[in-house]
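No lab work stands behind these numbers, since they all come straight from the coordinates. Note that the structure is a prediction, hence the values are computed from the model and not measured. All Cβ positions, glycine included, derive from the backbone under ideal geometry; neighbour counts span all protein chains shown.
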Amino acid sequence: MNKVGDKLLKQIIDVMHKNRRTSGRFSYTVPSPESYPYQWFWDSCFHAIILSHFEPAAAKNELRALAHWQFKSGMMPHMIYWRGVTKTSFPKIRWGKRRTSSFIQPPMLAYAVLRTHQVDPDTDFLKHMLPVIHRLHNFLFRQRDPRHHHLVGIINPDESGEDNSPRFDTALHLPAKQKYVQNQDDNYRQRMLLLEQFRRAGFLIKGGMDRQHWVRDVPFNTILVENLRAEAQIAQTLGLDDHAAAAQARAERVERAMREIMLEGEIMWSTVGLNYRHIRIKTWAIFAPLFAGLLTPNEAATLVSEHLRDESEFATPYRIPTVALDEPSFDPAGFWRGPVWMSTNWFVHRGLVRYGFHEEAALIAKGSRDLLAKSGFREQYHPLTGEGMGAQDFTWGGLVIDMVDK
Ligand code: GLC
C-alpha cells in the first residue's frame, strides 16, 4: 500500500478546489488556472479518478460536463471553452468550432466513469454516460479506422495528449533525433498546418491527411482497449448483455491487431503511414501496453528488466522519463521529450501492479510523491534533478492518490 498522508491529501484537495469552475449546473476543473484555463478531455478523466477518492459527486459532475459537449457524430472535443477565450498565456487557436477544439484525446472516459461508479454506485449516472461512451467509441472506429483494421489513428500529435513527443517527428516531416529547442518552432508550425488542413477539409479525413499523418499510437490504442472493456463492464452492470459482448469483442479485436501489427520482441511500436511503419523511438509508450495487459508475462518481464530497470534508459532517480535517456531526442527540459509527467507515471504504475511488479510500481509511486514534495504541483519535472517545469498549480499531481498497490 502506498497511501498518501494527510498533508499530501490536503494539498491535493486544495489544488482540485482552487481549479474548480462552475458554469450553470455544470462544474469542471481546469488543469492550471494560468496556463490551461479551460476544460480538457483526458485531464477531466484524470480529475474524476482523483476526485473519486474523496468527492465522487464532483467526479461525476466533471464527466457530465464533458458529455454535455459531445458532437452529434459522437466526437468529443479535447478542449472546451466554457466561458469563451480568456486572457492568459494559452495561445489563441483557430479550431473552426464554436467554444471547443476540433481534436480528440485518448478515450479515457469509460474507465473514469467506471472508477467513479465503483466508489459511489449510481445506475442513473451509468445510464446517462453509457450512450455517450458508446457514441464516442463508434465515432473512433467509423472516422479513425477507415480500413477496418481495428487500430484507431490520430491525425495530430496533440490527439495523443503528448503534443511534442519525438514519436511524431517523422510523421510531421521533421528531422528525427532533434532536441526540443531545435524542433520546437517547426513542430508547432507543422501541427498548426495539420489543423488548418483538417479545418479546410470540413473535419473529414481525406486521403492526403491519411497518408501524411496517420499515426496508430500505442498508448491511444492501449487506452481504447481498456476503455472498451470498461464499456462492457458498465453495460453488464446495467444488464445489457449484448452491448457488453459487443464492446468486449471490439476490445479483443484491437488487442489482436496491436499484437499483430505493433509488436516486435517485447516492444509495441506506434506506426506511421498506410503500411504501418514502426516508429522505433523509445518513449514511456513502450510500457503503456502493460496498462491493458497486452503483453505476455514473459514479454513484460523482458520489457521491465531490459528497459525500465536500465539506468541508461528509464531508471532515473525520479522515474520515469517520457523519453529514454539514450535516445538522441531525449531532452530533460523538452515538452514531452524527456521530463516526468504524472499521467504517464500513473499509467505505468497501474500496468506494473497489474503484472505483479510491485517493487518497480512502488518506486514510481515514491518518485511521484518525492516530486510533489520537492517541487509542488507542476506540469512536468526534470527526470534527473526533480526540478518542476511548466504550468503551476497543475492538477495531475493528484494522481499519486491513485498510485496504490492493491
Ligand atoms: C498539454 C498536454 C495535454 C494536456 C493539456 C492540458 O497540451 O500536452 O496532454 O491535456 O496540456 O493539461
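The table below lists the values:
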| read-out | value |
| --- | --- |
| Fluctuation leader among 289, 339, 56 - the chain, Gaussian network, Cα springs under 10 angstrom | 56 |
| Extension gain (nm, one decimal) between residue 188 and residue 275, 0.36 nm per residue minus Cα-Cα | 28.7 nm |
| Kyte-Doolittle mean at least -1.0 and Cα axial length at least 24 Å: DSSP H helices in the chain | 123-144, 218-237, 241-262, 358-375 |
| Net charge dipole size for segment 65-139 [Lys, Arg +1 and Asp, Glu -1 on Cβ; Debye, nearest 20] | 620 debye |
| Order of 381, 180 under a 10 Å beta carbon neighbour criterion, fewest first | 180, 381 |
| Computed label-point distance, nm, for sites residue 236 and residue 10 using a 7 Å Cα→Cβ extension | 4.1 nm |
| Choice from 371, 228, 240 with maximal GNM fluctuation in the chain (Cα, 10 Å cutoff) | 240 |
| Candidate aspartates and glutamates - alpha carbon under 16 Å from residue 374, same-chain residues fewer than 8 apart omitted | 387, 393 |
| Dipole magnitude of the chain about its Cα centre (Cβ charges: Lys, Arg +1; Asp, Glu -1), debye to nearest 20 | 1600 debye |
| Cβ-placed point charges (K, R +1; D, E -1), dipole of segment 289-406 about Cα centre in debye, nearest 20 | 420 debye |
| Spherically averaged projected area of segment 175-293 from its Cα convex hull (nm²) | 9.5 nm² |
| Within a Gaussian network of the chain (alpha carbon springs, distance under 10 Å), most fluctuating of 301, 58, 365 | 301 |
| In segment 272-343, the chymotrypsin sites (Phe, Trp or Tyr not before Pro) that fall in loop regions by DSSP, at most 12 other Cβ within 10 Å | none |
| Near-label residues of segment 129-164 by backbone N, under 20 Å of a point 7 Å along Cα→Cβ of residue 252 | 138, 141, 148-152 |
| Length-normalised contact order for the chain - Cα pairs under 8 Å, 6+ apart - percent | 17 percent |
| Residue pairs, from the table 18/87; 127/366; 72/179, whose Cα atoms sit over 29 Å apart | 127/366; 72/179 |
